[in-house]
Amino acid sequence: MNIFRLIVLFIALLNVSLANAALEIEISGGGAQQVPIAIVPFGQDGNGANSISSIIAADLKRSGLFRVLETGGVASRPVSIAQIQYAEWVALQAQAMAVGTVETLPGNRLKVTFQLADVLKQTQLAGMQYNIAPNQLRVTAHKIADVIYQKLTGEAGFFASRIAYINKSKGRYTLQVADADGENPLTMLSSKEPIISPAWSPDGSKIAYVSFEKKKPIIYIQTLSGKRTVLASFKGNNSAPAWSPDGQKLAIVLTYGANSQVYTINADGSELKKLTKSSAIDTEPTWSTDAKWIYFTSDRGGNPQIYKVSSSGGEAQRVTFEGAYNVSPRFSPDGKSLAMIRNDGGKFRVALQDLSSGQVQLLSEGSQDESPSFAPNGRVLLYATRAGGHGALAAVSADGRVKQRLNESGGDIREPAWGPLIK
């Protein structure tokens, strides 16, 4: 969203409800070295085994780091490592394979058992068991995919997480939350007027956002169950909430008797503190991972650029110098990189700056890209783009190799925010 454009909102809060459509994902590109892996259909004595296997396979495919092998030509269907006939899977050129079962338990519970094997070494790499309710089957599949990702790449996964985004469809705007693969969408808010600036709390239990339902912009915090409280309702505009890493504070933007300036405030609405003091527009704050700095967008130098200020206050320092337009800063989870939107010859694209070297890499290929947001492991960025004349979500790996498009028929989607891993 253009950070210098004010949109008047009127939002009606509704009960949490299921949305009508899930996002569909298209994938292009792949990692430099894709691990060939077989996901054997899980054995079952009830429902759900086939779906859990397909969810795991789909997760690994969309990472771009795995080549999921077709297993239809293999005669055996092992459900445990003890049953694996390794010669068959070596012939399939699998380097790893996942097996498991879904067992129905008394009390409407399921027991999901999973094992990961190194086919070449004929050893077990991981084994997990989950006692779950039937409605936890999808998130359990995502957690298993995260285990596989971690064991085979050495890095944390990102599949068992949620995304939030704004969808405009049939004259209504909705704030929606979905699994990272676009499934299980929930409508958190619905309105005839726009909704903007969703921001996840670090523990994933709450979302902060801006509402104009009181005829002025007010920042609210809402739990996923629907309970909400007012965070900021000061004179003038209240906007751009951003959580501190510990979830105790938020950076916000107020026009509290002046131009847009950055403040901090406790999550309970107490201890408002002004951080920036300029005659310019300061907006889009984001916290560094160590909470020592708040990065923000400002036009104090003439063109929009990214600056930083100590979270305890002080003089602001300019961060970006290359290019005439750099906005929407977002920190990578490891604190080593800064995502932003850069004007590249009239095209607004997602860029990634290495904070130690200052080197910048353009990642996206659109001309109207905006709102970058990191996956929990920092290896993928979600952002808003334009496709077919309407807003859509897209994702790109941090090295630019793997690109995804998330489509929802009939909707205009924007302002994505990627939440933390589900506990």
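Where a number appears in this text, it was derived from the coordinates with a stated rule and is not lab data. Just so you know, these numbers come straight off a predicted model, no measurement behind them. Don't worry about glycine lacking a Cβ; one is built from the backbone with ideal geometry, like all the others, and counts go over all protein chains shown.
How would you rank 260-272, 391-403, highest first, on the average number of other Cβ atoms within 10 Å across their residues?
Per-residue Cβ counts within 10 Å, averaged per peptide and sorted highest first, yield 391-403, 260-272.
Expressed as a rounded percentage, what relative contact order does the range 210-258 have, with Cα pairs under 8 Å and six or more residues apart? Intermediate results must be reported in sequence, preceding the final value.
Numbers: 82 pairs, mean separation 14.2, N = 49.
Reported as a whole number, the value is 29 percent.
Averaging sequence separations of C-alpha pairs under 8 Å and six or more residues apart, then dividing by the length of the chain, give the relative contact order as a whole percent. Provide the component values of the computation, followed by the final result.
Values: 1121 pairs, mean separation 60.3, N = 423.
With pairs under 8 Å counted, the relative contact order is 14 percent.
Applying the Karplus parametrisation 6.51 cos²θ - 1.76 cosθ + 1.60 with θ = phi - 60° to the phi angles of the range 187-204, what ³J(HN,Hα) value in whole Hz is obtained for each residue in order, glycine and proline being reported as x?
The phi angles translate into 8, 8, 9, 9, 7, 7, 10, x, 10, 9, 6, x, 9, 6, 6, x, 8, x Hz.
Taking θ as phi - 60°, what are the ³J(HN,Hα) couplings along the range 138-147 by the Karplus curve (6.51, -1.76, 1.60), each to the nearest whole Hz, with x for Gly and Pro?
Ordered by residue, 3J(HN,Hα) equals 5, 5, 5, 4, 5, 5, 5, 4, 5, 4 Hz.
Starting from the coordinates of the alpha-carbon atoms of the range 207-362, obtain the Kirkwood hydrodynamic radius over all distinct pairs and give the value in Å to one decimal.
Numbers: mean 1/r = 0.0624 Å⁻¹.
Final number for the Kirkwood radius of the range 207-362 is 16.0 Å.
Extension gain SER357-ALA75, at 0.36 nm per residue separation less the Cα-Cα distance, in nm?
On the way: separation 282, 0.36 × 282 = 101.52 nm, distance 5.27 nm.
In short, 96.2 nm is gained.
Can you list the residues, at least 5 places off or on another chain, whose amide H is less than 5 Å from the amide H of LEU125, using H built in the peptide plane?
LEU116, ALA117, ASP118
Given R₀ = 51 Å, what would the calculated FRET efficiency be for ALA82 paired with LYS170, taking r from the Cβ atoms and rounding to 0.05? Before the final figure, lay out each step's value.
Details: r = 54 Å, r/R0 = 1.06.
Efficiency for this residue pair is about 0.40.
On full extension of the chain, what length is gained from LYS151 through ASP203, given 0.36 nm per residue of separation minus the C-alpha to C-alpha distance?
Details: separation 52, 0.36 × 52 = 18.72 nm, distance 2.41 nm.
So the chain would gain 16.3 nm between LYS151 and ASP203.
When the convex hull of the Cα atoms of the range 151-203 is projected onto a plane and the area is averaged over all directions, what value comes out in nm²? Provide the component values of the computation, followed by the final result.
Values: hull surface 19.5 nm².
That works out to 4.9 nm², a quarter of the Cα hull's surface.
Under a 10 Å cutoff between Cα atoms, tell me which one of ARG349, ARG62, ARG318 has the largest fluctuation in the Gaussian network model of the chain.
Highest fluctuation among the options: ARG318.
Quick one: divide the alpha-carbon radius of gyration of the chain by 2.2 N^0.38 Å and tell me what you get. Mind dumping the intermediate values first?
Numbers: Rg = 22.7 Å, N = 423, 2.2 N^0.38 = 21.9 Å.
The reported ratio for this selection is 1.04.
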